[in-house]
Every structure is written in C-alpha cells, then in structure tokens.
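Worksheet: one structure, shown below.
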Amino acid sequence: MSSVTTISIEEFEATFKPEANHLVESDKASFCGWMYETYGVEDEYIRKVLNETPARIWTIEEEDGGFVVFRNHYSEDAIGYIVTEVSVRSGQEFVVRDEAHDELVRQAKE
C-alpha cells in the first residue's frame, strides 16, 4: 500500500502543471481557472480523460470548511475536477492542501 504525500497548491502547480479549463472562458472556471464542473460537457470531458489517462485526473472535495484535492479519484462528493499535464506515477498518492485558505477558515471559526 502506498503512503499519501501532502503537498501545497504551489507544489501541485509546479509539479503536475494543471491545465486551464478550455471549455469555459478563462475567468469563469473556479480554482485558479483549472476546475471542471461535475455535470454537462465538462463532466463528459473528465470522463473521457479518466478513461484515457486516469493518472491526470484530480478531484476537488470540501473538507472541514476547506478544499482538498485528491489524485485520481472520481467521486460523487466532488465539487469539481482538475486535469494535469503531468500524470502521477503508479503507486504515488497525493493530497493537495491550500494552507492559506485553510488558515482563513480556521480564523473564521474562532
């Protein structure tokens, strides 16, 4: 069983090179312009990529008031998906945390 490595959003961007959502205007996609929605033509595109190169799909989910991105995980709980140029190697597992966002959520709860 592989271990899970937590990386920052900056490490994620530098290492895996998320692609911009080319199906909508650049300022309309959430999550730095990378997020694909979970319905319609965006979901169809995600399913196509998932079938061809599943190691390029990352799932955005909400957790404890923050956002977490999981590698290669198609989920009904997803709020969106990211496609990266660089695939994750077999056996590697990553979780991406946005520490700045998480800190704002912690402060808001205080």
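The values are calculated or read from the model by the stated rules, or taken from the named source; none is laboratory data. Given the structure is predicted, the values throughout are model-derived calculations rather than measurements. Here the Cβ is made from the backbone with ideal geometry for all residues, glycine too, and neighbour counts use every protein chain on show.
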Selection from the stretch 1-29 of residues exposed (fewer than 15 other Cβ atoms within 10 Å of the Cβ) and either assigned to a helix (DSSP H, G or I) or in contact (Cβ under 8 Å) with a residue 24 or more places away in the chain (or both) yields 2, 3, 4, 5, 6, 8, 10, 11, 14, 15, 17
Listed by range, strands (runs of 3 or more DSSP E) wholly within the stretch 44-84 having at least 1 residues that are touching a helix residue (DSSP H, G or I) at 6+ places or on another chain (Cβ under 6 Å) and modelled with pLDDT of 85 or more are 57-63, 80-83
With the condition kept exactly as written, say whether any residue in the stretch 87-98 is buried (at least 16 other Cβ atoms within 10 Å of the Cβ) and at pLDDT below 80.
yes
